[in-house]
Amino acid sequence: MSVTIVVADDHEIVRSGYAALLGTQPDFTVVGTAADGAEAVRLCAELVPDVVLMDVRMPGTDGIEATERLRAAEHTPRVLILTTFELDEYVYDALAAGASGFLLKDVTAERLFEAVRIVAAGDALLAPGVTRRLIEEFARSRRRPRTTPSALAALTPRETEVLRAMAEGLSNPEIAALLVVSEETVKTHVSRVLGKLGLRDRTQAVIAAYESGLVVPGGGA
């Protein structure tokens, strides 16, 4: 099965370069390119791609607004954010809006291919070190956090433990070892956490854990 992709970037050379690079892979098909977020949303409605490679900073409709609009669409693609700066508030907001992960624009070709395949498979691109630094930097400065402590009331004590472990960067096997349960049990708990909190993937779960105060930046649980 080919992964269909839309590339959105306001610089023509950049978006055509990514499109050409992605087109070298036999399991990728670039179905369209967009010069801004509004065009990306229109193309996604028409072409229904699996993944959107989205520049976070674009004039007019930027990557954050475009991600929010795509998340509300009937057929929602996975969004992979492109950024120049690792610690970027725009990236944080895009992740909170529903993006599945982010890459720096100087990423290697192999890392780009791997990232597209990861998010196309339905997983979050969650590099614990980078993502935690990003979320710690901005989560506690939100004037109106999206996730409040009361939102966690629907979780069982074990689900809360799993959410905390996810926020600390642990993988499913690591969580299973920590809680002395099977990996399948962890996967079930993760699915329930995402469902109860109305979240799409692990990246949003990490943000929710920090914004609610379940995990404190720089201080762990």
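None of the figures in this text is laboratory data; all of them are computed from the coordinates on show. Quick caveat, the model's predicted, so the values are computed rather than measured. Note: ideal-geometry Cβ built from the backbone for every residue, glycine included; neighbour counts use all protein chains shown.
Put a dot 7 Å past the Cα of Ala109, heading toward its Cβ, do the same for Glu183, and the two dots end up 3.1 nm apart. Relative to the longest principal axis of the Cα atoms of the chain, the long axis of helix 202-211 lies at roughly 60 degrees. Mean residue ellipticity at 222 nm, helices only, the chain: -14500 deg cm²/dmol; runs of at least 4 DSSP H residues each add -39,500 (n - 2.57), and the sum is divided by the number of residues. Among the chymotrypsin sites (Phe, Trp or Tyr not before Pro) within segment 22-121, those in coil by DSSP and having at most 15 neighbouring Cβ atoms inside 10 Å are Phe85. Only one residue of Ala96, Pro173, His189 has its Cα farthest out toward the positive end of the dipole of the chain, where Lys and Arg carry +1 and Asp and Glu -1 on Cβ, and that residue is His189.
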